[in-house]
Amino acid sequence: MRISELSRRTGVRPHQLRYYESQGLLEPDRNLNGYREYGDSAVVTVNQIKNLLAAGLSSQDIAYLQPCASGEDPEFEYCGELVDALEARLSTLQSRIDGLVRSRDALQDYIDKAGVARKRRTTG
DNA sequence: CTTCTGACA
DNA sequence: TGTCAGGA
């Protein structure tokens, strides 16, 4: 299939597919006119890439882990190294969440105290 | 008409 | 990421 059909079947825009390719995530054949020619397996591959990007992995990580995640079912054929990468990502996300929660709590605390001080000024 | 490359914000 | 130019 050509790029527009792959785009239609994956919901990923053609220029994004070319970008994936520039990052080493896809390597389609070329037909005589220079158009990219994708096999059916590209649909699965692109869906895997979508999932991993959504999980916050870098395209470098994805390129490295691609042979690792090339099972038929993109949801369940992960190998150990991919699980490690996902867990590492989860860990850094949790750290950021913790930091944000602390900031939020501190800010809320500050607002509460400032609110009381303002009320004292305006009322008495 | 479809796709390609490269450039730009 | 999204858009445009200029060719094939």
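The values are calculated or read from the model by the stated rules, or taken from the named source; none is laboratory data. Note that the coordinates shown come from a computational prediction; the quantities given were computed from them, not determined experimentally. Because the Cβ atoms are built from the backbone with ideal geometry, glycine has one as well, and the counts that use them run over all protein chains shown. In case anyone asks, the SASA skips ligands and DNA or RNA and just uses the protein heavy atoms, side chains included. Shrake-Rupley method; radii C 1.70, N 1.55, O 1.52, S 1.80 Å.
Compute, for A:Glu87, the solvent-accessible surface of its heavy atoms (probe 1.4 Å) with the complete set of protein chains present, and express it in square angstrom to the nearest 10. Solvent-accessible area, nearest 10 Å²: 110 Å². Annotation: A:Tyr64 carries an accessible surface of approximately 140 Å², with a 1.4 Å probe and no ligand, DNA or RNA atoms counted. Contact order, relative form, for chain A: 18 percent (alpha carbon pairs under 8 Å, 6 or more residues apart, mean separation divided by residue count).
In a shell of Cβ-Cβ distance under 15 Å around A:Arg120, excluding A:Arg120 itself, what net charge do Lys and Arg (+1) and Asp and Glu (-1) give? Display every interim value, and only then the final one.
Working: positive: A:Lys113, A:Arg118, A:Lys119, A:Arg121; negative: A:Asp112.
Its environment carries a net charge of +3.
Distance between the modelled labels on A:Thr123 and A:Glu81, one decimal in nanometres: 6.5 nm (7 Å Cα→Cβ projection). Take the Cβ-Cβ distance between A:Val116 and A:Arg96 as r, set R0 to 25 Å, and report the resulting FRET efficiency rounded to the nearest 0.05. It comes to 0.20.
Database remark: amide H of A:Glu37 closer than 5 angstrom to the amide H of A:Asp29, A:Arg30, A:Asn31 (H placed geometrically; neighbours at sequence offset of 5 or more, or on other chains; Pro and chain starts carry no H).
Full extension of the segment from A:Gln23 to A:Tyr64, taken as 0.36 nm per residue of separation minus the current Cα-Cα distance, would add 13.7 nm. Among A:Leu53, A:Leu100, A:Leu6, A:Leu32, the sequence by solvent-accessible area, most first, with a 1.4 Å probe is A:Leu32, A:Leu100, A:Leu53, A:Leu6.
With one equal scatterer per alpha carbon and no solvent term, the Debye-computed log10 I(q)/I(0) for chain A at 0.12, 0.15, 0.21, 0.22 1/Å reads -0.58, -0.75, -1.15, -1.21. In chain A, the portion of solvent-accessible area held by carbon and sulfur atoms comes to 51 percent [1.4 Å probe, whole percent, DNA, RNA and ligands not counted].
Per residue, chain A exposes 71 Å² of accessible surface when a 1.4 Å probe is rolled over the protein heavy atoms with every protein chain present. Under the rule a/c < 1.5 gives rounded, and otherwise a/b versus b/c splits prolate from oblate, where does the stretch A:1-60 land using the Cα gyration tensor? Note, shape of the stretch A:1-60 comes out prolate.
Between 0 and 90 degrees, the angle of helix A:41-54 with respect to the longest Cα principal axis of chain A falls at about 10 degrees.
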